[in-house]
Amino acid sequence: MPVTYKQAVLPSGLRICGEIDDAAHTAAVGFFVKTGARDEAGPLMGVSHFLEHMMFKGTAKRTAEDVNRDFDDLGARSNAYTSSEMTAFHAAVLPDKLAAATEILADMLRPALRESDFSTEKGVILEEIAMYADEPVWQLYEKLIEEHFGTDSALSHRVLGTPETIKAMEAGQMKAYFDNRYSADNTTVALAGKVDFDAMVAHLTALCGHWGRTGAVRTYATPGARNVAFTMKSDKISRGYRMSMSRGPGMTDPERYVAFCAMQLLGGSDNSLLHWALVEPGLAESADAGYDPHDRLGSMRLFVAAEPAGLDKAWDIALDQAARVPELVTEKDLASIKSRVATGVVVAGEKPDGRMHRLGRMFMYSDAYTTLEQELEKINSVTLDQVAAYLKAHPVMPATVGTMTP
């Protein structure tokens, strides 16, 4: 039986969407809130991720232990994540457990936010920041974002925040942020698999119908391209790392499919140009390229890791390959990329859990529904001429470039 799409919007503004498959053996639900690091004020950097942690610390009727135990009793696969643009809480269960899993998630999204839990979890967040600070490539990436967008732009915010912002944050500030951003009209509930959609709408109305509407909005001011260069030193590394970032199309821009294919051809797999030019001959330990779409804008990345003495040479080769993509790749190369992407999309869409995530993320960026088949059709329609035109209009250079050496 084919997948059927259904949607409902409650009077409060809460959107409920679902891809229904009566032949599925599981069901999945996710609450997606359109809030992340780019929606935070500078002094509150990291509050979205901190809030994600607090959702698991208990509610008016559940302790933290109750939350974990209740999910375990259902046999649920549950988790959460925070990005620069959204926060998501989700679970995959057997179909007869879906209503119960949804109730737990809905309850979690109205947390107690106890001062004692806030103080305890602050230490956990600081430990997590310290753990990532030991990762040189992560350090370079976070600094690259700051330099690329500028520290006066929320687009440069670190998802985890900084030690300074987390230490200074107060529980009342978190509560005010929660009250504004975690509103019904800023939340989408995505359902997939074997789901009685009408019954779930009624269930969610009972669970969330009282959630308030705040008119929360996102600021879309886009800073100008800075295209600066910087160098970092570390006594914890023996390799040299270099990464660049330039502008690309946003998540809803039709050109995103071309951008994705272009960067995959350059450095997206073991069969990419960068692999054969740098990694295979031993000139670099690793080399890749990527396209990251975001809300109304995107970025293209280029990355090389090599012996410090050979980093400049490896980087020059990477830039040469980037400039010559149209002449170096063939129709067969593009077909291989599209086949690999199609396989990944289809495999992810085979399970309700994958379809739920796709649905939830989709409505964080657009009000329009696109089927999996339509997505594949757009990927398969990309041509080499389009790739060449895109790279001519959006070269990887000039860009913001960061280097880290011993």
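The values are calculated or read from the model by the stated rules, or taken from the named source; none is laboratory data. Because the structure is predicted, anything quoted here is derived from the model rather than measured. FYI the Cβ positions are ideal-geometry reconstructions off the backbone, even for glycines, and counts take in every protein chain you see.
Data for the structure
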| quantity | calculated |
| --- | --- |
| Looking only at the stretch 17-44, and only at residues there that are within 22 Å of Arg361 (Cα to Cα) and in a loop (DSSP other than H, G, I, E, B), the one that is nearest to the chain's Cα centre (by Cα) | Gly36 |
| Among the candidates Arg296, Arg301, Arg324, residue that is of a type in the set (Lys, Arg) and farther than 18 Å from Val387 by Cβ | Arg296 |
| Any hit, the stretch 263-284, residues being surrounded by 19 or more Cβ atoms within 10 Å (Cβ to Cβ), in a strand (DSSP E or B) and either touching a Gly at 6+ places or on another chain (Cβ under 8 Å) or in contact (Cβ under 8 Å) with a residue 12 or more places away in the chain (or both) | no |
| Filter result for Thr222 (in a loop (DSSP other than H, G, I, E, B), among the polar types (S, T, N, Q) and more than 17 Å from Val33 (Cα to Cα)) | yes |
| Selected residue [at pLDDT 95 or above, among the hydrophobic types (A, V, I, L, M, F, W, C), over 25 Å from Leu372 (Cα atoms) and touching a helix residue (DSSP H, G or I) at 6+ places or on another chain (Cβ under 6 Å)] from Met86, Met45 | Met45 |
| Subset of the stretch 45-92 [hydroxyl-bearing (Ser, Thr, Tyr), surrounded by 19 or more Cβ atoms within 10 Å (Cβ to Cβ) and part of a loop (DSSP other than H, G, I, E, B)] | Ser84 |
| Pairs, first at positive phi in the stretch 106-128, second surrounded by fewer than 18 Cβ atoms within 10 Å (Cβ to Cβ), C-beta under 9 Å, six or more apart | Leu113/Ala171; Leu113/Lys175 |
| Within the stretch 157-180, tally of residues that are hydroxyl-bearing (Ser, Thr, Tyr) and either modelled with pLDDT under 95 or part of a loop (DSSP other than H, G, I, E, B) (or both) | 1 |
| Within the stretch 188-237, considering residues that are free of Cβ contacts under 8 Å to residues at least 40 places away in the same chain and acidic (Asp, Glu), the one surrounded by the fewest Cβ atoms within 10 Å (Cβ to Cβ) | Asp198 |
| Qualifying residue in the stretch 200-220 (condition: in contact with a helix residue (DSSP H, G or I) (Cβ under 9 Å, 6 or more places away or on another chain), under 30 Å from Lys313 (Cα atoms) and not polar (S, T, N, Q)) | no |
| Of all residues in the stretch 320-353 being in contact (Cβ under 8 Å) with a residue 60 or more places away in the chain and more than 24 Å from Phe303 (Cβ to Cβ), the one that is surrounded by the fewest Cβ atoms within 10 Å (Cβ to Cβ) | Lys351 |
| The listed residue being under 23 Å from the mean Cα position of the chain (by Cα) and farther than 19 Å from Glu146 by Cα, out of Ala192, Ala202 | Ala192 |
| Count of residues meeting criterion [buried (at least 22 other Cβ atoms within 10 Å of the Cβ) and assigned to a helix (DSSP H, G or I)] in the stretch 380-406 | 3 |
| Every residue from the stretch 138-182 that is surrounded by fewer than 17 Cβ atoms within 10 Å (Cβ to Cβ), touching a Phe, Trp or Tyr at 6+ places or on another chain (Cβ under 6 Å) and more than 23 Å from Arg110 (Cβ to Cβ) | Trp138 |
| The stretch 292-306 residues that are assigned by TED's automatic domain parsing to the domain that holds Ser272 and within 14 Å of Ile145 (Cα to Cα), paired with ones that are in a loop (DSSP other than H, G, I, E, B) and among the hydroxyl-bearing types (Ser, Thr, Tyr) (beta carbon under 6 Å, 6 or more apart) | Leu297/Thr222 |
| Qualifying residue in the stretch 99-116 (condition: outside any helix (DSSP H, G or I) and farther than 24 Å from Asp185 by Cα) | yes |
| The lone exception for Gly248 - which of (1) more than 23 Å from the chain's Cα centre (by Cα); (2) buried (at least 19 other Cβ atoms within 10 Å of the Cβ) it fails | (1) |
| The listed residue being over 25 Å from Thr403 (Cβ atoms) and aliphatic (A, V, I, L, M), out of Met243, Met263, Met200, Met300 | Met200 |
